[in-house]
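The values are calculated or read from the model by the stated rules, or taken from the named source; none is laboratory data. Here the structure is a predicted model, which is why all the values come from computation and not from measurement. In this analysis, Cβ positions are derived from the backbone assuming ideal geometry, glycine residues included, and neighbour counts consider all displayed protein chains. The area values use the complete protein model at the heavy-atom level, side chains included, leaving out ligands, DNA and RNA. Shrake-Rupley method; radii C 1.70, N 1.55, O 1.52, S 1.80 Å.
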Amino acid sequence: MTDDTDVWGTTDVSSGKGASDENFPVGSLLISRALRPHVHAYYAYARVIDDIADSETLAPQDKVARLNAMEEVLHGQRSAINRPDAQSAARLRVSLIQTGVPFETATDLLIAFRDDSLGKEYASWSDLLHYCRYSANPVGRYLIGLHKESADAFAASDALCTSLQILNHLQDCAQDLQRLKRCYIPSDMLRQHGLTSEALLEGRTSAALRRVFNALLDGVDTLNRQAAILPGQIHSRRFRMECAAIVTLAERLTLRLRREDPLAGRVALRRTDALHAAAAALKAWR
């Protein structure tokens, strides 16, 4: 077992973000009380590795080294030192063993965050979907496994998680480029309209860039339609209600991003969107 602590360094990379900062509910009251601690353990781990990849102070190779160390702790191959980042992996290891949820739901996230750390370019829609396969889809598969639901729900869950990830990329496209030098808008779509990623820094969305955003949202609409069947595939009533609410929030945010300018200010869900989601959750109670 590796116990070298040097890889962790002394730099605190925590963003300070918590579940309340997310667009969509994390471990909400719709999740059963018995499962909520496991969801919180998974979220804490995901938050840590996301913060490592998004650090503005760590060098790319140091980010990858920390992510690799997190994976080693997760697999019991490295001692978990008394630090919140290492401890989050250790706690999730215990949770995954207790629940029988596959470790891939945690380690697949690391594949995407290593790409983020190294500044990978996304040249096409297919590249973006491949990234989402690892950055977002494991979250839905984790929740399905935790609830002992059927793998038949994976396809709709993957569509929903990919939709949510792309919507988040659109919300934060300017900040991601400015702060992290990272662009998730496929470069071939930008070139098709005579643009480069620099168009994301103009403060207002031009007509050409709006066409790029709308093309991405067309793809998201397709994903949302695929995701719409997810609640009907879930047997757990509370989890079904959660899924129905999140599907509705994805649809509502898609509409907002069509109507509002993500370069002029962050496009966010509002109280009316939450009310629509609550109505969808109640409808799923059957």
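Return one whole number: the accessible area per residue of the chain in Å², for a 1.4 Å probe.
Numbers: 13360 Å² over 286 residues.
I get 47 Å² per residue for the chain.
List the residues whose amide H sits under 5 Å from the amide H of H75, counting only those 5 or more places along or on another chain, with H placed 1.01 Å from N in the peptide plane.
Amide H to amide H, under 5 Å and 5 or more residues apart or across chains, H75 pairs with nothing.
Over the stretch 176-256, what is the relative contact order in percent, taking alpha-carbon pairs closer than 8 angstrom and at least six residues apart?
Numbers: 43 pairs, mean separation 16.4, N = 81.
Contact order relative to length: 20 percent.
Would you mind calculating the gained length between E121 and A34 on full extension (0.36 nm times residue separation, minus the Cα-Cα distance), in nm to one decimal?
27.3 nm
Taking 8 Å as the Cα distance limit and 6 or more residues as the minimum spacing, I'd like the relative contact order of the stretch 146-286 as a percentage.
Numbers: 166 pairs, mean separation 44.1, N = 141.
It rounds to 31 percent for the stretch 146-286.
Within 10 Å of each candidate Cβ there may be at most 15 other Cβ atoms; applying that plus a DSSP loop requirement, which chymotrypsin sites (Phe, Trp or Tyr not before Pro) in the stretch 131-232 survive? Could you put the intermediate results ahead of the total?
Working: sites: Y131, Y134, Y142, F154, Y184, F213; in loops: Y184.
Nothing satisfies the criteria.
Helix-only mean residue ellipticity at 222 nm, the chain, DSSP H runs n ≥ 4 weighted -39,500 (n - 2.57), per residue, nearest 500. What is it?
Values: 13 runs with 179 residues, N = 286.
Dividing the helical sum by the residues of the chain leaves -20000 deg cm²/dmol.
At 0.36 nm per residue, minus the direct Cα-Cα distance, what do I111 and A278 gain on full extension? Give it in nm, one decimal, please. Mind dumping the intermediate values first?
On the way: separation 167, 0.36 × 167 = 60.12 nm, distance 3.40 nm.
56.7 nm is the gain from fully extending I111 to A278.
So which aspartates and glutamates can K120 reach, going by Cα to Cα under 20 Å and dropping same-chain residues fewer than 8 places off?
D50, D51, D54, E56, D62, D108, D172, D176, D188, E198
Kirkwood hydrodynamic radius for the stretch 193-286: how many Å is it when counted over pairs of different Cα atoms? All intermediate terms of the calculation are to be shown ahead of the outcome.
Values: mean 1/r = 0.0678 Å⁻¹.
Hydrodynamic radius (Kirkwood, Cα only) of the stretch 193-286 equals 14.7 Å.
Give the ranking of E149, E260 by solvent-accessible surface, highest area first, calculated with a 1.4 Å probe. Intermediate results must be reported in sequence, preceding the final value.
Numbers: E149 25, E260 45 Å².
Correct descending sequence by accessible area is E260, E149.
Take each of the peptides 199-208, 72-81, average the number of other beta-carbon atoms within 10 Å over its residues, and list them starting from the highest.
On the way: 199-208: 13.6, 72-81: 17.5.
By packing density, highest mean first, the sequence is 72-81, 199-208.
May I ask you to derive the relative contact order of the stretch 107-171, considering only C-alpha pairs under 8 Å and at least 6 residues apart, and to give it as an integer percent? Intermediate values should be presented prior to the final figure.
On the way: 47 pairs, mean separation 22.4, N = 65.
RCO, the stretch 107-171: 34 percent.
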